[in-house]
Amino acid sequence: MIKVVPDINVLIAAVLSEKGMSYQLIHLFTEGKIIGYTSKEILIKFKEVIQRDFQVPLERAEQMVEVFLQFLKLVEPDIKLNAVKEDDEDNSIVECAVYIKADFLASWDPHLTNIEEFQGIKIMNPGKILDQLKEAD
């Protein structure tokens, strides 16, 4: 089964638009076609960003996290990496992906996507991941 760690920006894009690539990728998790993983650190940051940048009330942000936890497996990575030099906060996403030996890390963030691959994990935007999954079928 293919393992994917979605970045915070993918989770946010998925909840803001039901038409986009992020939503389509997240929808594959809900259908059990691929396995999605996240960590407490990622979800805390998600709540912080969606409240700050999109004026989502705390209660609504917490509801979103509860929905994510219905189809994302929660893990507690016990590793610390310095894979993303430009933005230290992005390392928590890479740590989660390395910890679970993900196939893909889904992100729209150039700090991550410019790395392209880290320890065998392909780092790309949801559209490219969807294309790769179609090719594999």
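Brief remarks on what is shown
- Normalised by residue count, the chain yields a Cα convex hull volume of 102 Å³ per residue.
- At most 16 other Cβ within 10 Å, DSSP loop - trypsin sites (Lys or Arg not before Pro), segment 34-137: 80, 85, 101
- Gyration tensor verdict on segment 42-99 (Cα atoms; rounded if a/c is under 1.5, prolate if a/b is larger than b/c, oblate otherwise): oblate
- Rounded if a/c under 1.5, otherwise prolate or oblate - segment 79-136, Cα gyration tensor axes: oblate
- Among beta bridges identified by DSSP and lying wholly in the chain, the antiparallel ones come to about 15 percent.
- Positive-end ranking of 11, 83, 24 along the dipole of the chain, with charges on Cβ about the Cα centre, is headed by 24.
- Local electrostatic count at residue 56 - Lys and Arg +1, Asp and Glu -1, tallied over other residues with Cβ under 15 Å: -1
- Mean ellipticity per residue at 222 nm, deg cm²/dmol - from DSSP H runs of n ≥ 4 across the chain, formula -39500 (n - 2.57): -14500 deg cm²/dmol
Read-outs throughout are calculated quantities, based only on the coordinates presented, and are distinct from any laboratory measurement. Predicted model, so just to flag it, every value in this text is computed and none were measured. Quick reminder, even Gly has a Cβ in these numbers, built from the backbone with ideal geometry, and neighbours come from all protein chains shown.
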